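Novice: Have a look at the structure that comes next, please.
Derivation of every value follows stated rules applied to the coordinates shown; laboratory data play no part. Small disclaimer: the values here were computed from a predicted structure and weren't measured. Heads up, the Cβs are rebuilt from the backbone with ideal geometry, glycines too, and the neighbour counts pull from every protein chain shown.
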Amino acid sequence: MVLSHDTARDIVAAAALVNTASRGEEMLTDLGALEVFLDKHGFSGRRDHTAAELRQVRALRPKLRAAWQAADIDAVVALANRLLRDAHARPWLIDHDGWGWHLHVTALDAPLVDRLAAEAGMALADMIRSGELDRLRICAAADCDAVLVDLTRNRSRIYCDTGNCGNRQHVAAYRARQRGSE
């Protein structure tokens, strides 16, 4: 795997953010849910804890989903550049919370939505540069629109982890095989 730990962490967080509005369900229901999401994905820095901040983060999700739905690399390049530009990204090195040296691309006191967008934009840029965009996928389950990042060595992951899709598909396939052998 050629992705750095911060690139992998940030693109997985971007996918998780997109998936907070997948399967027809709103998972960022309130400020508490946003706080849990941010803590789970290790986002440090400023948090205003306002309804406006929650609305801004929710509005970021379709912009990020576009990376998974892009028709070609040029569309993802344009998206990454737009995310970085709009967030006023200015990369700098930092060592905190046991992560070792890594890049932050906005100041810790920048608005939350800018930090989320810039981290996702930088992760997309790294994936583009390393030829790893094919790791961005939409769940293969017919009834699921969640996105995923395949970080497996053999690039074999096709189901998300938001709704037990892989488990449901494997059980259905097993039952179909059992019916066929009777």
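Novice: List the trypsin sites (Lys or Arg not before Pro) within region 26-103 that DSSP assigns to loop and that have no more than 16 neighbouring Cβ atoms inside 10 Å.
Specialist: Working: sites: Lys40, Arg46, Arg47, Arg55, Arg58, Lys63, Arg65, Arg82, Arg85; in loops: Arg46, Arg47.
Passing sites in region 26-103 are Arg46, Arg47.
Novice: For region 1-108, which GluC sites (Glu not before Pro) pass both filters: DSSP loop (anything but H, G, I, E, B) and at most 15 other C-beta atoms within 10 Å? Show your work: numbers first, answer last.
Specialist: Working: sites: Glu25, Glu26, Glu35, Glu53; in loops: Glu25, Glu26.
When the GluC sites (Glu not before Pro) of region 1-108 are filtered for loop state and at most 15 Cβ neighbours within 10 Å, Glu25, Glu26 remain.
Novice: Between Gln69 and Ile94, what is the FRET efficiency for a Förster distance of 41 Å, r being their Cβ-Cβ separation, to the nearest 0.05? Present the calculation step by step, with values, prior to reporting the outcome.
Specialist: Numbers: r = 32 Å, r/R0 = 0.78.
The value I calculate is 0.80.
Novice: Arrange Asp48, Asp126 by Cβ neighbour counts within 10 Å, fewest through most, would you?
Specialist: Ranking Asp48, Asp126 by Cβ neighbours within 10 Å, fewest first, gives Asp48, Asp126.
Novice: Could I have the simple spin-label model distance between Asn81 and Val12, label points 7 Å from Cα toward Cβ, reported in nm to one decimal?
Specialist: Distance between label points: 3.1 nm.
Novice: Could you tell me how far the Cα centroid of region 35-67 sits from the Cα centroid of region 140-182, in Å?
Specialist: 28
Novice: Still on this structure, please answer the following. Taking square-rooted eigenvalues a ≥ b ≥ c of the alpha carbon gyration tensor, is region 43-98 rounded, prolate or oblate, where a/c under 1.5 means rounded and, failing that, a/b exceeding b/c means prolate? All intermediate terms of the calculation are to be shown ahead of the outcome.
Specialist: Numbers: a/c = 2.28, a/b = 1.32, b/c = 1.73.
Note, shape of region 43-98 comes out oblate.
Novice: Apply the Karplus curve 6.51 cos²θ - 1.76 cosθ + 1.60, θ = phi - 60°, to the phi angles in region 141-155 and return the couplings in whole Hz, x for Gly and Pro.
Specialist: 5, 4, 9, 10, 10, 5, 9, 8, 10, 7, 9, 6, 5, 8, 6
Novice: Right, another one. Just the isolated ones, please: cysteines in the chain lacking another cysteine beta carbon under 4.7 angstrom.
Specialist: Cys165
Novice: Applying the Karplus parametrisation 6.51 cos²θ - 1.76 cosθ + 1.60 with θ = phi - 60° to the phi angles of region 18-33, what ³J(HN,Hα) value in whole Hz is obtained for each residue in order, glycine and proline being reported as x?
Specialist: Result, rounded to whole Hz: 4, 6, 6, 10, 9, 6, x, 10, 8, 9, 8, 6, 7, 5, x, 5.
Novice: Residue by residue through region 56-64, which ³J(HN,Hα) values in whole Hz follow from phi under the Karplus form 6.51 cos²θ - 1.76 cosθ + 1.60 (θ = phi - 60°), with glycine and proline marked x?
Specialist: 5, 5, 4, 5, 6, 4, x, 5, 6
Novice: Once every Cα of the chain carries one equal point scatterer and solvent is ignored, give the base-10 log of I(q)/I(0) from the Debye formula at q = 0.09, 0.16, 0.17 Å⁻¹, two decimals.
Specialist: Summing over Cα pairs of the chain leads to -0.34, -1.00, -1.11.
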